[in-house]
Amino acid sequence: MTESRSAAGRRGMAHHPGLDGVRASALLMIMLYHADPSWIPGGFISVSLFFTLSGYLITALLVVEGEANGRVSLRSFWERRLRRLAPAALVALAVVVLLSTWLGSGAEQARVRGDAVSAALYVANWHAIFAGHSYSELFSDESPLQHLWSLSIEEQLYVLVPLVVAIGFVVGLRRRGIGFVFVGLGALSVLAAVIASDHDRIYYGTDTRAVELFGGAALACFLGPRI
């Protein structure tokens, strides 16, 4: 019975080619923005789109699993995330550190090493805040690892979102109730952004950017696929 329900859960999450198109469009906007901001001034909004899409996809998977099995396996979810993201990220970090050691100045090497450690621990966004690294540096004196701040936010929220879904099924909230929890968490995130005064703090903060991922999570609960 458990195996058949798990299979039903997997069938409930069919591949949606349209979402691939959304991701491709967002990636193109990011590339154009980084090449020259004047080409597409609002291209940075694509990062928000990625956050919302990630929230939708992972929450849809978790909710379908919960409906199929009556529970969510946090260990399995986190293992899948690490296997998918960590290997490529660690290889990229190692290559950048080696190249900076070979080609960079002493100050550049020190910054890259600090950025690499924070990125490996998935706290690069908070490292940027406390180190005073502005996002505007991206077009002047940028770090080759600065872009990993967004991956850090996603990984931090990949801890929280599954916990919310898993606890929701334990206490009997189910799909709709869990969706309202994410709406409430999103409201708190908006409040955090309103209270914060520094632009870079708002841009890099996990709490201030969480509303984008929580919005996708709520949409998955209210409108996502069902078994």
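Cut-off 10 angstrom, C-alpha nodes, Gaussian network model of the chain. Which of SER38, SER189, SER152 fluctuates the most?
Evaluated over the chain, the most mobile residue of the options is SER38.
Could you point to the label whose value was computed as semi-axes √(5λ) of the Cα gyration tensor in Å for the structure here, given (i) 42, 28, 21; (ii) 34, 19, 17; (iii) 38, 18, 14?
Checked against the structure: label (ii).
Quick one: among TRP39, TRP78, TRP126, which has the greatest mean-square fluctuation in a GNM of the chain with alpha-carbon springs under 10 angstrom?
TRP39
Separation between the VAL171 and ALA187 pseudo-spin-labels, each 7 Å from Cα along Cα→Cβ, expressed in nm?
Using points 7 Å along Cα→Cβ, the separation is 1.5 nm.
Say the dipole of the range 94-227 comes from +1 at the beta carbon of Lys and Arg and -1 at that of Asp and Glu; which of GLN156, ALA217, ILE178 then lies farthest toward its positive end?
Value: ILE178.
Convert each backbone phi in the range 116-125 into a coupling constant with the Karplus relation 6.51 cos²θ - 1.76 cosθ + 1.60 (shift: θ = phi - 60°), then list the ³J(HN,Hα) values in order as whole Hz, x for Gly and Pro.
Result, ordered by residue: 5, 4, 5, 5, 5, 8, 6, 10, 4, 5 Hz.
How big is the charge dipole of the chain about its Cα centre, in debye rounded to the nearest 20, if each Lys and Arg gets +1 on its Cβ and each Asp and Glu gets -1 on its Cβ?
1180
Select from LEU191, LEU53, LEU148 the residue whose mean-square fluctuation is largest in a Gaussian network model of the chain (Cα-Cα springs shorter than 10 Å).
In the Gaussian network model the winner is LEU191.
Roughly how many percent of the accessible protein surface of the chain is carbon and sulfur, given a 1.4 Å probe and a whole-percent answer?
Carbon and sulfur atoms account for 68 percent of the accessible area of the chain.
Taking the Cα-to-Cβ direction at GLN109 and at ARG80 and moving 7 Å from each Cα, how far apart do the two end points lie in nm?
Here the modelled spin labels are 4.3 nm apart.
Mind checking the angle between helix 206-223 and the chain's longest principal axis? C-alpha axes, 0 to 90 degrees, to the nearest 10.
The angle comes out at about 30 degrees.
Any idea of the accessible area per residue across the range 147-227, 1.4 Å probe, to the nearest Å²?
Spelled out: the 1.4 Å probe surface of the range 147-227, per residue, equals 45 Å².
Could you state the angle between the C-alpha long axis of helix 174-195 and the longest principal axis of the C-alpha atoms of the chain, as a value from 0 to 90 degrees rounded to the nearest 10?
Orientation of helix 174-195: about 30 degrees from the principal axis.
Helix 45-69 against the longest principal axis of the chain: what's the angle in degrees, Cα atoms only, rounded to the nearest 10?
30
Karplus couplings for the range 153-163 from phi (6.51 cos²θ - 1.76 cosθ + 1.60, θ = phi - 60°), rounded to Hz, Gly and Pro as x?
Values per residue, Gly and Pro as x: 4, 4, 5, 5, 6, 5, 7, 6, 4, x, 4 Hz.
The values are calculated or read from the model by the stated rules, or taken from the named source; none is laboratory data. Bear in mind the structure is a predicted one, so any value in this text is a computation, not a measurement. Note that we place each Cβ from the backbone using ideal geometry, even for glycine, and neighbour counts take in every protein chain shown. What goes into the accessible areas is simple: the full protein's heavy atoms, side chains included, and nothing from ligands, DNA or RNA. Shrake-Rupley method; radii C 1.70, N 1.55, O 1.52, S 1.80 Å.
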